[in-house]
Structure formats: C-alpha cells, structure tokens
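Student: Take a look at the following structure, please.
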Amino acid sequence: MRLPWIILLLLVFPFPIIAKDIPLPEELEARAFVIYTERYDLWEKSLVVQFSEKRRVLSTMEGFLEVKAVVNHSAHSELWKRVCEEMKTKHEVGGKIYLKKRKEEIAGWLGLEAKELTILGTAADMDNLAVVTKVFKPYTVTALVTAGARTNALRTGLDEGSYLEGERYDGTVNIILLTNARFTDGAIARAIITATEAKTAAFEDLKVPSSYTEGAQATGTGTDNIIIVSGVRGPTVTYSGGHSKIGELIGKAVYEAVMEALYKQNGFKRE
C-alpha cells in the first residue's frame with residue numbers, strides 16, 4: 001500500500017506538518033497545497049504550487065527561472081521581526097536569510113534542489129488566500145493572491161522610497177499567476193504589466209489610502225511581488241496585454257483575487 005505523501009513527510013521530518021490542498025483546474029497541470037509549521041512558537045504557512053516537470057517562470061524577486069515549484073511563504077509579523085533581527089549579518093538582511101532557509105526546507109520536503117524552487121515572502125495570513133480562475137477556451141488562467149495594505153501602501157510616483165530590501169513584509173501583495181498557455185519570455189514579462197494594472201485598479205476601487213501621504217490613493221505597497229508561470233502544452237502566446245483575450249483573463253483574475261484578498265486580510269471592501 002502506498003502511503004500518502006504527507007505521512008511520508010512526517011516519517012522523515014519529526015515535527016508537525018499539516019497540508020491543505022488548494023484545488024486547481026486540471027489543464028494547469030499543477031498541484032497546490034499549504035504547509036503549516038511553527039518557528040519560535042509562531043505560525044508559518046507556505047503555499048506550494050508544484051509541477052511534474054520544469055516550468056519557465058518570471059519572479060520579480062529572482063528573475064527568469066526553470067523550476068518545479070513556486071512558493072508564497074507567510075509568517076506571523078512577530079516572526080518576521082525576530083528573524084530579521086536574529087538572522088541578519090553584515091552582508092545580508094535577516095528576512096532574506098530566513099526566506100533562503102525556508103526555500104531550502106521546502107525543497108528538501110519536496111525532494112527537490114533549492115534551485116528548482118522560487119519563493120516569495122509576506123506576513124499576510126495564508127488562510128486569507130484568494131484563488132480566482134478565468135477560462136476562455138483554449139486559455140485557462142488562475143491567480144493565487146495574498147494581500148495586506150494597512151501599513152505600507154503607497155502611491156508610486158508620489159511617495160518617497162526607503163531601502164527596505166526584505167525587512168518589512170507586513171503590507172504586501174503577492175501574486176502567483178498560472179496559465180496553461182505557453183508564454184514567450186516577452187509575453188511573461190508583459191503579463192506583469194497587465195497584472196499590475198489590475199492590482200492597481202483593485203486598490204483604486206477599494207479606495208486603499210497611501211500610508212505615507214494623507215489623502216493620496218495607493219497604487220500598491222512597497223513590497224509587492226509576482227511570479228508568472230508559463231504552461232507547457234497549451235497554445236503559444238506572444239502578447240499578453242489588455243487587448244488580447246488572455247490579457248483580459250489575467251486582468252480579471254488578478255483584479256478579483258486582489259479585491260478578495262484585501263477584504264479577507266484587512267476588511268477593505270467596495271463602497
């Protein structure tokens with residue numbers, strides 16, 4: 001009898017790991033689940049999207065990669081503060097060291113090398129994850145979004161910047177965008193613009209204020225990130241802007257997911 005994968009993990013790693021499956025459309029050829037653990041008696045929750053073969057992805061944290069899994073890792077805000085202080089060195093901030101360590105842990109649990117995985121970080125609770133799928137044959141697009149905007153929402157082009165470099169994750173919009181379509185590198189890059197426009201439209205419709213300039217409308221937060229994941233067997237896409245059907249799907253999926261995630265995390269809702 002073949003043991004379930006989570007039982008095998010528990011046999012190898014003798015500490016609590018509880019997984020929650022996130023249903024995804026079959027045509028995406030991906031499996032998503034959340035791993036729950038603790039560190040310093042504070043919660044950690046990692047959304048893992050795993051593939052049976054390498055996928056071409058673009059991460060705004062790590063660039064273009066060929067990976068077998070993408071991760072959105074969330075942890076209690078007090079945990080971020082603690083690891084940022086305890087793990088920092090003269091050359092690296094603690095948040096980056098912590099994410100690197102978590103990446104290596106998850107890769108080990110999945111039987112992968114760390115280079116076969118890419119990761120994002122946030123303090124938004126993974127229990128507030130929003131998952132929205134849009135379909136127009138032959139295309140399928142799914143956006144998986146966590147979002148928080150109470151502490152470092154800003155209006156790009158107006159608010160001043162400061163060098164965060166991974167030190168603050170308390171307000172962050174993280175987007176993982178999956179599609180069955182085979183994106184060219186140009187289409188993957190263009191999808192970031194489409195998704196960002198949709199995120200900003202959600203911020204505007206929710207009237208999320210800037211945390212830095214009184215009365216200003218926020219366009220996002222200072223630590224937002226996105227991972228675009230190309231498909232392997234779907235139709236080829238070279239353009240993913242708003243005039244294309246797949247661009248429309250990307251925009252609608254991201255918009256709805258950001259709206260839902262901000263409501264779940266912060267209570268923002270459309271008037």
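The values are calculated or read from the model by the stated rules, or taken from the named source; none is laboratory data. As the structure is a computational prediction, the values presented were derived from the model and not from experiment. So basically every Cβ, Gly included, is an ideal-geometry build from the backbone, and we count neighbours across all protein chains shown. In case anyone asks, the SASA skips ligands and DNA or RNA and just uses the protein heavy atoms, side chains included. Shrake-Rupley method; radii C 1.70, N 1.55, O 1.52, S 1.80 Å.
Student: Which one of Leu47, Phe64, Ala75 is farthest out on the positive end of the charge dipole of region 37-113, using unit charges on Cβ (Lys, Arg +1; Asp, Glu -1) and the Cα centre as origin?
Tutor: Sorting the options by dipole projection puts first Phe64.
Student: Find the relative contact order for the chain and round it to a whole percent, using C-alpha pairs within less than 8 Å whose residues are 6+ positions apart. Walk me through the numbers on the way to the answer.
Tutor: Details: 610 pairs, mean separation 50.9, N = 271.
Relative contact order, the chain: 19 percent.
Student: For the chain, with only Lys/Arg (+1) and Asp/Glu (-1) charged at the beta-carbon, what is the dipole magnitude about the Cα centre, in debye rounded to 20? Could the numbers behind the result be given before it?
Tutor: Working: 34 positive and 35 negative charges, 119 e Å.
The calculated dipole for the chain is roughly 580 debye.
Student: How much of the accessible area of region 185-271, in percent, comes from carbon and sulfur atoms when a 1.4 Å probe is used?
Tutor: Working: 1910 of 3800 Å².
Roughly 50 percent, rounded to a whole number.
Student: Next up: Once a ≥ b ≥ c are taken as the square roots of the eigenvalues of the Cα gyration tensor of region 66-105, is the result rounded (a/c under 1.5), prolate (a/b larger than b/c) or oblate (a/b not larger than b/c)? Working shown, then result.
Tutor: Details: a/c = 3.19, a/b = 1.51, b/c = 2.11.
Here region 66-105 falls in the oblate category.
Student: Strictly over 32 Å apart at the Cα level, which of Lys100/Lys269; Lys81/Lys134; Lys115/Lys269; Lys101/Lys252; Lys207/Lys245 would you flag in this model? List each step's numbers first, then the result.
Tutor: Values: Lys100/Lys269 35 Å; Lys81/Lys134 37 Å; Lys115/Lys269 39 Å; Lys101/Lys252 34 Å; Lys207/Lys245 28 Å.
Among Lys100/Lys269; Lys81/Lys134; Lys115/Lys269; Lys101/Lys252; Lys207/Lys245, the Cα-Cα distance tops 32 Å for Lys100/Lys269; Lys81/Lys134; Lys115/Lys269; Lys101/Lys252.
Student: As a check on your grasp of the helix formula, calculate [θ] at 222 nm for the chain: sum -39500 (n - 2.57) over DSSP H runs of n ≥ 4, divide by the residue count, round to the nearest 500.
Tutor: -9500 deg cm²/dmol
Student: Follow-up question, since we're still on this one. Would you mind classifying the chain by shape? Square roots of the alpha carbon gyration tensor eigenvalues, ordered a ≥ b ≥ c; an a/c under 1.5 is rounded, otherwise it is prolate if a/b is larger than b/c and oblate if not. It would help to have the intermediate numbers written out before the result.
Tutor: Values: a/c = 1.63, a/b = 1.06, b/c = 1.54.
Note, shape of the chain comes out oblate.
Student: What's the long-distance tail for region 115-161, i.e. % of Cα pairs beyond 12 Å? The partial results should precede the final answer.
Tutor: Details: 812 of 1081 pairs.
More than 12 Å apart: 75 percent of the Cα pairs in region 115-161.
Student: Also: Please list, by residue number, everything in region 204-241 whose backbone N is under 14 Å from a paramagnetic label point 7 Å out along Cα→Cβ of Glu53.
Tutor: 230-235
Student: In addition: Assuming R0 = 35 Å, can you tell me the calculated FRET efficiency for the pair Thr184 and Asp41, based on Cβ-Cβ distance, to the nearest 0.05?
Tutor: Details: r = 47 Å, r/R0 = 1.33.
So the FRET efficiency works out to roughly 0.15.
Student: Please list, in order, the residues from region 101-118 whose amide nitrogen is less than 20 Å from a point placed 7 Å along the Cα→Cβ vector of Arg31.
Tutor: Backbone N within reach: 103-118.
Student: Treat each spin label as a single point 7 Å out from the Cα along the C-beta direction, and report the Thr151 to Lys245 distance in nm.
Tutor: 4.4
Student: Before I look further, what does the chain give for accessible area per residue, probe 1.4 Å, in whole square angstrom? Working shown, then result.
Tutor: Values: 12750 Å² over 271 residues.
Solvent-accessible surface per residue comes out at 47 Å².
Student: Could I ask something else about it? Hey, if we sort Trp43, Trp80 by accessible area with the 1.4 Å probe, largest down, what's the order? Display every interim value, and only then the final one.
Tutor: Details: Trp43 65, Trp80 10 Å².
Correct descending sequence by accessible area is Trp43, Trp80.
Student: Can you give me the solvent accessible area of Lys269 with a 1.4 Å probe, rounded to the nearest 10 Å²?
Tutor: My reading of the accessible area for Lys269 is about 140 Å².
Student: Please work out the Cα center distance from region 25-77 to region 111-130, rounded to the nearest Å.
Tutor: Each part's Cα centre sits 4 Å from the other's.
Student: Measure off, as a whole percent, the carbon and sulfur share of the 1.4 Å-probe accessible area of region 15-137, all protein chains present. Write out the running numbers ahead of the final one.
Tutor: Values: 2870 of 5760 Å².
Here carbon and sulfur together make up 50 percent of the probe-accessible area.
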